[in-house]
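The next block holds one structure in the form of structure tokens; read it before the comments.
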Amino acid sequence: MTSVIENLALGRGPKRVVVKDTIDIAGHPTRAGSAALAEAAPAGRHAEIVARILAAGYRIVGKANLHELAFGMTGLNAWTGTPENPRFPALIPGGSSSGSATAVAAGLADIGIGTDTGGSVRLPAACCGLYGLKPTFGRLDRRGVMPAISSLDCVGPIAADLEELIAFMAAVDSGFAMPATQGPPRVARLDVEADDAIQDAVDEGLEASGLPMAPAALALLDEAYNAAMAVINRETFDACSTWLEGGRIGADVARRLRLAGETTDAEVREAEGVRHAFAAEVDRLFEAYDLLALPTLPHAPLTREAAQAGQQDLTISALLRPFNLSGHPALTLPLASREGYPMALQLVGRRGGDAGLCRAALHLAVASRANATA
């Protein structure tokens, strides 16, 4: 199994954590799944998130594989090997935090630490039937995380159990405090484009929760996706283009990086305008609602065979990437699958309201289970 690319033994706690190999661990090189960094020097100090994990009493058991340079959605990696999706082996594990998710799904770790610039925690979590949180932008410190400069990227946890994920957040973030119990959250069910089977599964999950909800829409959602693509393309090219010269980057990532280099200043300026407009649009919805609900995935993930044949599908992040642009926290919850592929519900909360988002998700999960057994 190639979920974990380097076994470690840091810390003495009973809870096991794997850390994506874009995050520094002192004494170990950070290679980002790329042969271009095969000779990278060991990190001189822990990333801030690693220091917090160890201080909280967790045990780091490995550095996790990923889509090379964290710049891809399939999770495939020809250099380090591609981790198998334990729950849906015919399908991609999802990227870019593929190893972090598959290690948790395979029972090798209790928590997987990933990074999410355009869905890279939530997508592999959803593909592997897990919970995954993209915190509010800036909530978890990114010092010691690659790339050093990003206006979209967030460090976030993946877990098989929602309460485990919540406990982890409380352990590593002193500002993460579950709010006092209040009434049921008001839910806005967003009108988005997704396959019928996925829409039905999301609707059934929400209805089973018994939570009050109403339909709503985000007019700028598609524009936000395109704007987030422009921003990630420019920022990733700026961070990684120097490694193109050595010819050691995999063909898929090298091709995407070269295309990213064609992003114009005008496109970036326009994207920044959309960023502010879309964030304001989302904030306006939170004047009337406590929670936004929508599918995590708009359609089934690629098969592993199709991805290995070179097929790409960036649109699988169409419902994820906009909330990187806006900076709002977002959490994916697995749903029962009846079509042979994973289905998941995404919940979005107020900026800075990560703990409230998690409480609402717990409320929804508990209410759904109760109604399902009534």
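Quick one, could you list the DSSP H helices from the chain stretching 18 Å or more along their long axis (Cα atoms) with average Kyte-Doolittle hydropathy of 0.0 or above?
221-240, 354-373
Grab the DSSP H runs of the chain that are 4 residues or longer, score each as -39,500 (n - 2.57), total them, divide by all residues and round the 222 nm result to the nearest 500 deg cm²/dmol.
Helix-only estimate at 222 nm: -10500 deg cm²/dmol.
Going by average Cβ neighbours within 10 Å, how do the peptides 340-353, 188-201, 318-331 rank, with the highest at the top?
So the order, starting with the most tightly packed, is 318-331, 340-353, 188-201.
Show me, bin by bin at 10 Å from 0, the whole-percent P(r) of the chain based on Cα pairs.
So the P(r) values, bin by bin, are 6, 26, 36, 25, 7, 1, 0.
How high is the relative contact order of region 221-351? Use alpha-carbon pairs under 8 Å, at least six apart in sequence, and give a whole percent.
Value for region 221-351: 30 percent.
Once the convex hull of the C-alpha atoms of region 48-196 is built, how many Å³ does it hold per residue, rounded to a whole number?
About 143 Å³ per residue, rounded to a whole number.
Sort Thr303, Thr236 by Cβ crowding within 10 Å, fewest neighbours at the top.
In increasing order of surrounding Cβ atoms, one gets Thr303, Thr236.
In vacuo Debye scattering of region 234-332, one point per C-alpha: log10 I(q)/I(0) at q = 0.13 Å⁻¹?
Scattering profile of region 234-332, log10 relative to I(0): -0.68.
Of all beta bridges DSSP finds with both residues in the chain, what is the antiparallel percent, to the nearest 5?
Taking every DSSP beta bridge within the chain, about 65 percent pair in antiparallel fashion.
Order these by the 10 Å Cβ neighbour count, fewest first: Lys63, Lys20, Lys134, Lys15.
Lowest to highest Cβ neighbour count: Lys15, Lys63, Lys20, Lys134.
Restricting attention to region 107-185, which trypsin sites (Lys or Arg not before Pro) occupy a DSSP loop and are surrounded by at most 15 other Cβ atoms within 10 Å?
Arg143
Give the order of Ile166, Ile113 when sorted by the count of other beta carbons within 10 angstrom, beginning with the fewest.
Ile166, Ile113
Bear in mind these aren't lab numbers, they're just calculated from the coordinates by the rules spelled out. The shown structure was predicted, so the numbers you read here are calculated from the model rather than taken from an experiment. Heads up, the Cβs are rebuilt from the backbone with ideal geometry, glycines too, and the neighbour counts pull from every protein chain shown.
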